[in-house]
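Following: one structure in structure tokens, then a few remarks.
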Amino acid sequence: QVQLVESGGGLVQPGGSLRLSCAASGRIFRVNEMGWYRQAPGKQRELVATITSGGITNYADSGKGRFTISRDNAKNTVYPQMTSLKPEDSAGYYCNASVTYYSVGTVQTNEYWGQGTQVTVSS
């Protein structure tokens with residue numbers, strides 16, 4: 001069906017920047033809203049940012065002014081650019097996408113999650 005593959009996580013110093021990416025692949029008819037969520041140990045998964053196929057963005061308050069989400073519709077890829085990173089931004093970051101895909105004789109829409117990529121902000 002559909003897979004989301006993430007990349008770009010790692011260790012970064014406080015105040016640094018990191019760019020993640022998430023590419024959707026498979027029998028895709030259309031990728032609808034894409035987004036990123038994060039989950040720190042012992043905490044619930046929370047929104048980072050989302051972006052619609054038309055480019056409308058939504059950010060969690062924690063990332064406003066520091067994070068920018070963009071997408072390349074031709075590549076079915078979403079990119080969150082994270083700047084001025086803080087230790088509290090450390091978490092597993094998960095890509096999420098609503099994807100309309102080809103099924104037998106029709107199309108169907110489903111929500112997918114990536115496997116996650118770790119971001120650690122530490123000196």
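Applying the set (1) in a loop (DSSP other than H, G, I, E, B); (2) in contact with a strand residue (DSSP E or B) (Cβ under 7 Å, 6 or more places away or on another chain); (3) surrounded by fewer than 19 Cβ atoms within 10 Å (Cβ to Cβ) to Ser123 leaves exactly one unmet item: (2). Taking the criterion of being open to solvent by 50 Å² or more (accessible area, probe 1.4 Å) and either touching a Ser or Thr at 6+ places or on another chain (Cβ under 8 Å) or assigned to a strand (DSSP E or B) (or both), the residues of segment 95-119 that qualify are Tyr102, Thr106, Val107, Gln108, Thr109, Asn110, Glu111, Trp113, Gln118.
If you check Ile28, Ile51, Ile56 for being among the hydrophobic types (A, V, I, L, M, F, W, C), out of contact with any Phe, Trp or Tyr (no Cβ under 8 Å at 6 or more places or on another chain) and within 21 Å of Val5 (Cβ to Cβ), only one passes: Ile51. Looking at Gly35, Gly16, which is the one that is among the small types (Gly, Ala, Ser), closer than 15 Å to Thr77 by Cβ and surrounded by 13 or more Cβ atoms within 10 Å (Cβ to Cβ)? Answer to the selection: Gly35.
The values are calculated or read from the model by the stated rules, or taken from the named source; none is laboratory data. Treat the numbers as computed from the prediction; the structure is a model and nothing was measured. Cβ sites come from the backbone with ideal geometry, for glycine too, and all protein chains shown count toward neighbours. The area values use the complete protein model at the heavy-atom level, side chains included, leaving out ligands, DNA and RNA. Shrake-Rupley method; radii C 1.70, N 1.55, O 1.52, S 1.80 Å.
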